[in-house]
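Enquirer: First, the structure itself, so that you have it in front of you.
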Amino acid sequence: MSHLIEDYAMIGDRHTVALVSRDGSVDWLCFPRFDSDACFAALLGGPEHGRWLITPREEARSTRRYLEGTLVLETTHETESGTVRVMDVMHPEDGRADLVRQIEGISGTVTMEHEWVVRLGYGKMVPWLRHEPDPSRHGGDEALVAVAGPDMLILRGPRLPHPQDHRHVDEFEIGEGEVLTFSMVWSPSYLDLPEPIDIDARLKETIEESREWLGDGCELEEYAEAVDHSLLVLRSMTHAQTGGIVAAPTTSLPEELGGSRNWDYRYTWLRDAALTVQALQMSGLGNRSVLWRDWLRRAVAGDPDDLQIMYTVDGSRLMPERELDHLPGYADSRPVRVGNDAVWQRQTDVLGEVMVALEMLRDEGMEETEDSWRLQRALIDDLAQDWWELDHGLWEMRGPRRAFTHSRVMVWVAMDRGLRAVREHGLDAEVDKWEEVRDIVREQVLTDGFNTEVNSFTQHYETTEVDASLLLLPLVGFIEADDPRFVGTVERIETELMPDGLVLRYRTSSGADGLDGTEHPFLICSFWLVSAYTLMGRLDDARALLDRLLSLRNDVGLLAEEYDVGQGRQMGNFPQAFSHLGLVQAVTILCRAMGEQDAAASPQDKGGAASAERSAG
């Protein structure tokens, strides 16, 4: 391990993502798609597993930022001899797979190191490399071409690195006012070399398009930057053509250093994608979600019994889990996994999250297609028949199936949102069974999912353990936030799941997940608590926790899955959609409540203000 997880920034083209370290090393990149094999895999090993490094030779003070309203990365290196600025960008929506790195001399003269180590197949395959005449000239006379099997990578620039010990290296000086631009493009190896892009024109288009998508941005005053940036992060993890939303662009970044809780998140979970759409909707960008709705319709088409909890970004169903023994893992955390066997799990909550997202789109005026509603109706009908089956729960437990309380609540949500679609939006369905199941499930949860002895809802029906997913109950409308049963649940979470002031998912010592080892607080759980505090009227507590969470972002505003409070560092796959969508949701709910509080306190507000809870719903 040479870099902390938070030392990385991301750039992407909405087909894949590259992670760039503070010192200028691209240590993770899967071309051409999020779940393709990595060509740079130093993140999970060392430089010998592939990277692209451009950095000052001498010690430097490095600072970085994204250009406003974009994910165009700009890193400034200050050395004793001078200052250089490196801009890293991937151009979206042009059907290509390019990564551009531009070095500009700002002052003095700086000696730069350039190292290009291509290792295809997740750092395993050394490609065949050759120099070829570059008819584009692109500032130089040749292109450096790396080929292995179906993949080809082409490096262009004014001076190319030369071979040395199975690497390509170079050293050059750059002075004030000089600009050197290098570009790398992926292509199938059986095609001719792709033409170079017009870098200046594409950079301008990329910046303008990103800012146009964001629009006027968030109107939440002091939190606007955090929300807008999180929305851009979520967008970068949404495939530009298919609409599939990946949970994270990485695999096997550990939940515990040296541990085995290392998973591949480069796929589209129905739940995560639906929650991302909800975050977009809450931020006024719901009209950007049509692509995802159409992805959903294609991915789950067919027999409802074949519904999966996750798919690839193009809707494919197979992602067999295997271990990559040739990679030592991040900080020696093994195994390194690709694929994910959780695809075969039963998670009864998933349809509920999907139905909430689709209802939000309907409420905002998105026209429901006949195909989409027929699909929803079939899925609800199917769930109404087998909702009582035990499942693996929101957290993908690898232990026995249980009657998880959150899962049962989300069955209630699926039925409830289906009924609303019929009664409030005039859609057609036979709803007697839906209504019957909704009422039965609610009574069951309030009886079997609540333990009077500990005065709280429980993780599942056979335990007294508490679980952070229970914080969602008022957010989905199952119970009022001031209900004593929910208040008691929050008190237990504060007592038992917050040893360091951030929220754990559950106590791993209970053995419910069937895994060895421990984990750190999941960031989305703490964002859920911010939302719960808000709905309970504890606005000072909500704001204090939110401010702490925002302080955990790295210098370019990114969050991983977890946070190790003891070491003061981020853990888990990075960046994590769950964390960023939780941020957007928590800020939106809190700011609405604060605005309503201000309005209620104003003597001009004769009509009063709606409650924060109604606003959240």
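The values are calculated or read from the model by the stated rules, or taken from the named source; none is laboratory data. Note that the structure is a prediction, hence the values are computed from the model and not measured. Positions of Cβ are generated from backbone atoms using ideal geometry, with glycine treated the same way; all protein chains shown enter the neighbour counts. Ligands, DNA and RNA are excluded from the accessible area calculation, which covers all protein heavy atoms including side chains. Shrake-Rupley method; radii C 1.70, N 1.55, O 1.52, S 1.80 Å.
Enquirer: Criterion first (touching a residue at least 12 places away in the same chain (Cβ under 8 Å), surrounded by fewer than 22 Cβ atoms within 10 Å (Cβ to Cβ), in contact with a helix residue (DSSP H, G or I) (Cβ under 9 Å, 6 or more places away or on another chain) and aliphatic (A, V, I, L, M)) does A429 satisfy it?
Expert: Details: touching a residue at least 12 places away in the same chain (Cβ under 8 Å): yes; surrounded by fewer than 22 Cβ atoms within 10 Å (Cβ to Cβ): yes; in contact with a helix residue (DSSP H, G or I) (Cβ under 9 Å, 6 or more places away or on another chain): yes; aliphatic (A, V, I, L, M): yes.
Answer is yes for this residue.
Enquirer: Another question about this same structure. Out of all the residues in segment 408-426, which are farther than 25 Å from D391 by Cα and either in contact (Cβ under 8 Å) with a residue 24 or more places away in the chain or open to solvent by less than 10 Å² (accessible area, probe 1.4 Å) (or both)?
Expert: First pass over segment 408-426, keeping only residues farther than 25 Å from D391 by Cα: 420-426.
Those that are farther than 25 Å from D391 by Cα and either in contact (Cβ under 8 Å) with a residue 24 or more places away in the chain or open to solvent by less than 10 Å² (accessible area, probe 1.4 Å) (or both): R420, A421, H425.
Enquirer: Ok, one more. Would you point out the residue of segment 183-208, among those that are assigned to a helix (DSSP H, G or I) and β-branched (V, I, T), that is farthest from the chain's Cα centre (by Cα)? Talk me through it step by step, then tell me what you get.
Expert: Here is the first cut: in segment 183-208, the ones assigned to a helix (DSSP H, G or I) are 199-208.
Narrowing further to those that are β-branched (V, I, T): 199, 206-207.
On the way: I199: 28, T206: 21, I207: 22 Å.
That would be I199.
Enquirer: Of everything in segment 276-300 that's open to solvent by 20 Å² or more (accessible area, probe 1.4 Å) and part of a loop (DSSP other than H, G, I, E, B), which residue is farthest from D363 (Cα to Cα)?
Expert: Among those residues, the one meeting the criterion is S283.
Enquirer: Take M237 and tell me if it is surrounded by 19 or more Cβ atoms within 10 Å (Cβ to Cβ) and at pLDDT below 90. Spell out how you get there, then give the answer.
Expert: Numbers: surrounded by 19 or more Cβ atoms within 10 Å (Cβ to Cβ): yes; at pLDDT below 90: no.
No.
Enquirer: Being assigned to a loop (DSSP other than H, G, I, E, B) and over 28 Å from the mean Cα position of the chain (by Cα) is true for just one of E424, E435, E462. Which residue is that?
Expert: E462
Enquirer: A further question on this structure: Can you tell me which of G418, G393 is in contact with a His (Cβ under 8 Å, 6 or more places away or on another chain) and not charged (D, E, K, R)?
Expert: So the residue among G418, G393 that is in contact with a His (Cβ under 8 Å, 6 or more places away or on another chain) and not charged (D, E, K, R) is G393.
Enquirer: While we're here: Hey, among E209, E221, which residue is open to solvent by 30 Å² or more (accessible area, probe 1.4 Å) and either among the hydrophobic types (A, V, I, L, M, F, W, C) or at pLDDT below 90 (or both)?
Expert: Details: E209 fails: either among the hydrophobic types (A, V, I, L, M, F, W, C) or at pLDDT below 90 (or both).
Answer to the selection: E221.
Enquirer: Another question, then. Filter segment 482-511 down to the residues that are open to solvent by less than 10 Å² (accessible area, probe 1.4 Å), in contact with a Phe, Trp or Tyr (Cβ under 9 Å, 6 or more places away or on another chain) and of a type in the set (A, V, I, L, M, F, W, C) and list them by number.
Expert: F486, V490, L497, L502, V503
Enquirer: Moving on to the next point. If you take just the helices (runs of 4 or more DSSP H) that sit entirely in segment 472-588, which of them hold at least 3 residues that are under 30 Å from E74 (Cα atoms)?
Expert: Those helices (runs of 4 or more DSSP H) span 523-535, 539-551.
Enquirer: Sticking with this structure for a sec: Determine the pairs where a residue that is in contact (Cβ under 8 Å) with a residue 40 or more places away in the chain and under 15 Å from V530 (Cβ atoms), located within segment 472-496, has a partner that is hydrophobic (A, V, I, L, M, F, W, C) and open to solvent by 30 Å² or more (accessible area, probe 1.4 Å) with Cβ atoms under 6 Å apart, the partner being 6 or more residues away or on another chain.
Expert: These pairs meet every condition: A481/M536.
Enquirer: Could you name every one of the strands (runs of 3 or more DSSP E) located completely within segment 1-113 that has at least 1 residues being at pLDDT 95 or above, on the phi < 0 side of the Ramachandran plot and open to solvent by 30 Å² or more (accessible area, probe 1.4 Å)?
Expert: The qualifying strands (runs of 3 or more DSSP E) are 51-56, 61-66, 73-78, 82-89.
Enquirer: Next up: Restricting to segment 246-266, count the residues that are open to solvent by 10 Å² or more (accessible area, probe 1.4 Å) and modelled with pLDDT of 95 or more.
Expert: 2
Enquirer: I've got another one for you. Can you tell which of V89, V84, V110 is closer than 29 Å to F34 by Cβ and either touching a residue at least 24 places away in the same chain (Cβ under 8 Å) or not polar (S, T, N, Q) (or both)?
Expert: The unique qualifying residue is V89.
Enquirer: Return the pair list, or none, for Cβ contacts closer than 7 Å from residues in segment 382-402 that are touching a residue at least 24 places away in the same chain (Cβ under 8 Å) and surrounded by fewer than 18 Cβ atoms within 10 Å (Cβ to Cβ) to residues that are among the acidic types (D, E) and assigned to a strand (DSSP E or B), at least 6 apart or on different chains.
Expert: R401/D391
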